[in-house]
Amino acid sequence: MLGLSAEAYHACMTTSSENRHAALRNLPSVDRVLAEPALASMLTEVKRDIVVDAVREELSIARDAVIGGGYVPTPEAIAQTVVMAGTSTWGTWPTPVVNATGVILHTNLGRAPMSAAATQAAAAAGEGYSDLELDLGKGTRGSRHTAVSALIHQLTGADAAITVNNNAGAMLLGLAAIAAGKEVIVSRGEASEIGGGFRIPDVLLQSGAKLVEVGTVNRTYAHDYENAITENTGALLIVHRSNFKVIGFTAEPDLKDIVEVGNRHGIPVLHDLGGGALLDTAQFGLTHEWMPQESLEGGAGLVFFSGDKLLGGPQAGIVAGNHELVGKLEKHPLARALRADKLTLAALHATLLHYVRNQAADQVPVWRMIAVPLPELEARAGAMAKMIGLDAKVAPASSAIGGGTLPADEIPTYVVSIDASRIEGGADALAHRLRIGQPAIMPRIEAEQVLLDPRTISPSRDAEVAKAARAALS
Ligand SMILES: *Cc1c(COP(=O)(O)O)cnc(C)c1O
């Protein structure tokens with residue numbers, strides 16, 4: 001992209017093809033651009049070949065523009081474009097973003113932010129060697145899963161557990177290990193799309209299991225599962241409706257009724273929970289979300305949940321449950337392909353320790369954001385609005401859990417509501433300015449107002465965000 005100001009160009013509009021050829025000869029050489037002072041520091045920081053390629057690329061774009069009748073850019077302008085593109089490509093990544101959307105698990109912003117302890121644990125595991133797969137006492141090989149599984153056991157009562165890359169991977173592994181070549185019975189109302197094209201029927205297909213849908217989209221009974229059981233049934237799968245709701249004339253069996261059916265036929269019940277709520281969401285005024293411990297107590301053979309949804313840790317997929325079933329997963333070749341890396345395991349372990357120590361509600365950022373008292377949010381929004389000025393006011397609004405969790409729950413909040421009608425382009429233009437600013441701020445737009453929700457902003461950043469918003473308005 002040539003984000004150049006008109007002044008940066010030689011004003012030599014070409015009209016005829018002859019003129020255009022003359023203009024092409026005026027395009028600076030690669031060496032001429034490389035000699036520009038603007039590129040001096042980049043040439044010391046980035047391999048020369050890479051800068052040369054970037055300059056060539058910009059010159060080729062400029063050439064096409066000239067052939068199309070455009071201006072011939074100056075060497076300086078080309079150099080500046082290379083610097084601009086280079087700064088975003090060769091700088092540190094990802095760019096930290098202040099999440100002012102009020103959506104706690106924002107998929108595009110990296111889902112759950114982790115606690116300081118979890119972040120430090122990942123950094124420490126990355127920086128040096130560790131006993132990841134070593135029993136220090138015996139000096140023999142250990143398992144990378146032992147430490148995390150011990151905490152999962154204490155927190156959920158599961159006999160055994162295994163951690164992979166994400167919950168999608170957990171399901172793939174679980175279904176492949178338990179039910180490849182067999183039938184898996186799923187309620188028609190749960191054979192859904194989880195997000196980003198991740199569909200339960202597709203995962204089943206990839207695992208080698210055969211989907212058998214039972215019931216109807218709104219009503220499924222325990223006897224529907226029972227009637228579909230054949231000698232080739234490998235599992236009964238329950239998929240938590242984490243990102244949609246079925247309301248009206250509905251029926252779904254209790255977990256215990258499905259477990260009873262499974263037990264009668266010696267078939268395990270697998271429960272995909274998604275969320276991974278180790279604390280009770282109802283305690284925070286939200287709809288009660290299935291907890292892994294409840295599902296296991298209810299008789300599920302295996303539960304699947306994410307590490308970076310309500311658990312509030314790193315991206316991971318955890319499978320917990322029956323010893324014999326988890327053993328099958330551990331032995332499956334996909335376990336190696338999907339296993340979590342040391343950074344993830346270290347961060348997950350540190351996150352789980354918050355729960356073991358009963359400190360999750362104030363140490364795990366996701367729960368802290370869920371639990372912020374409303375008056376505190378109102379006061380913070382008020383202070384920010386005051387700093388921003390006359391265009392800003394405090395307004396009641398709703399935050400969301402996000403990440404496909406508790407879709408129907410709206411958490412009352414107070415936001416800074418900014419009227420951007422004074423600036424050209426209105427709310428969209430202001431939001432754009434905030435996103436590309438320093439710090440990058442991601443707001444929400446509603447009814448032509450730009451909203452900043454303090455719930456997902458760290459209180460220590462409030463003043464900085466308000467200052468940035470005021471600057472963006474002027
Ligand atoms: C989110 C979710 C998944 C996928 O989990 P990832 O960790 O994103 O792979 C699977 N099943 C359910 C029910 C979910 O909510």
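Throughout, read-outs are computed from the coordinates displayed, never taken from laboratory work. Quick caveat, the model's predicted, so the values are computed rather than measured. Virtual Cβ from ideal backbone geometry, glycine too; neighbours counted across all protein chains shown.
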Summing -39500 (n - 2.57) over every DSSP H run of at least 4 in the chain, dividing by its residue total and rounding to the nearest 500, the 222 nm mean residue ellipticity is -12500 deg cm²/dmol
For residue 357 and residue 29, what does the FRET efficiency come to when R0 = 60 Å and r is the distance between their Cβ atoms, rounded to the nearest 0.05?
0.40
Quick one: 3J(HN,Hα) in Hz for region 284-294, Karplus 6.51/-1.76/1.60 with θ = phi - 60°, rounded, Gly and Pro as x.
10, x, 9, 4, 5, 9, 3, 9, x, 5, 5
Ranking 359, 38, 234 by how far each Cα lies towards the positive end of the charge dipole of the chain (+1 on Lys and Arg Cβ, -1 on Asp and Glu Cβ), the top one is 38
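List the GluC sites (Glu not before Pro) within region 421-466 that DSSP assigns to loop and that have no more than 12 neighbouring Cβ atoms inside 10 Å.
Filter output for region 421-466: 424, 448.
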Rounded to the nearest 0.05, what FRET efficiency do residue 461 and residue 260 have when you use their Cβ-Cβ distance and R0 = 45 Å?
0.30
In nm, to one decimal, how far is the modelled label at residue 424 from the one at residue 205, with both set 7 Å along Cα→Cβ?
5.0 nm
Hits among lysines - C-alpha to C-alpha of residue 467 under 26 Å, sequence gap 8 or more where chains match:
386, 393
With a ≥ b ≥ c from the Cα gyration tensor eigenvalues, square-rooted, and the rule rounded for a/c under 1.5, otherwise prolate when a/b > b/c and oblate otherwise, the chain is prolate
Each label point is 7 Å from the Cα along the Cα-to-Cβ direction; what then is the distance between the points at residue 331 and residue 393, in nm?
6.8 nm
Using 0.36 nm per residue of separation minus the Cα-Cα distance, give me the extension gain between residue 408 and residue 471 in nm, one decimal.
19.1 nm
Expected sort for 99-106, 340-347, 240-247 on mean C-beta neighbours within 10 Å, highest first, is 99-106, 340-347, 240-247
Spelling it out for residue 233: with amide H atoms placed in the peptide plane at 1.01 Å from N, the residues 5 or more places away or on another chain with amide H under 5 Å from its amide H are 183
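Starting from 0.36 nm per residue, how many nanometres of slack lie between residue 76 and residue 43 once their C-alpha separation is accounted for?
Answer, rounded to one decimal: 10.4 nm.
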Placing +1 at every Lys and Arg Cβ and -1 at every Asp and Glu Cβ, with all other atoms neutral, what dipole size does the chain have around its Cα centre, in debye to the nearest 20?
660 debye
Calculate, in nm to one decimal, what residue 231 and residue 446 gain on full extension: separation in residues at 0.36 nm each, minus their alpha carbon distance.
72.0 nm
Residue-wise, which Karplus ³J(HN,Hα) couplings in Hz belong to region 444-459, taking 6.51 cos²θ - 1.76 cosθ + 1.60, θ = phi - 60°, and x for glycine or proline?
10, 10, 9, 6, 6, 10, 8, 10, 10, 9, x, 4, 9, 9, 5, x
Whichever aspartates and glutamates have a C-alpha closer than 17 Å to that of residue 182, once near sequence neighbours (fewer than 8 apart) are set aside:
202, 213, 226, 231
Ordered by packing density, taken as the mean number of other Cβ atoms within 10 Å over each peptide's residues, highest first, how do 169-176, 348-355 rank?
169-176, 348-355
With r as the distance between the Cβ atoms of residue 116 and residue 383 and R0 = 22 Å, compute the FRET efficiency 1/(1 + (r/R0)^6) and round to 0.05.
0.35
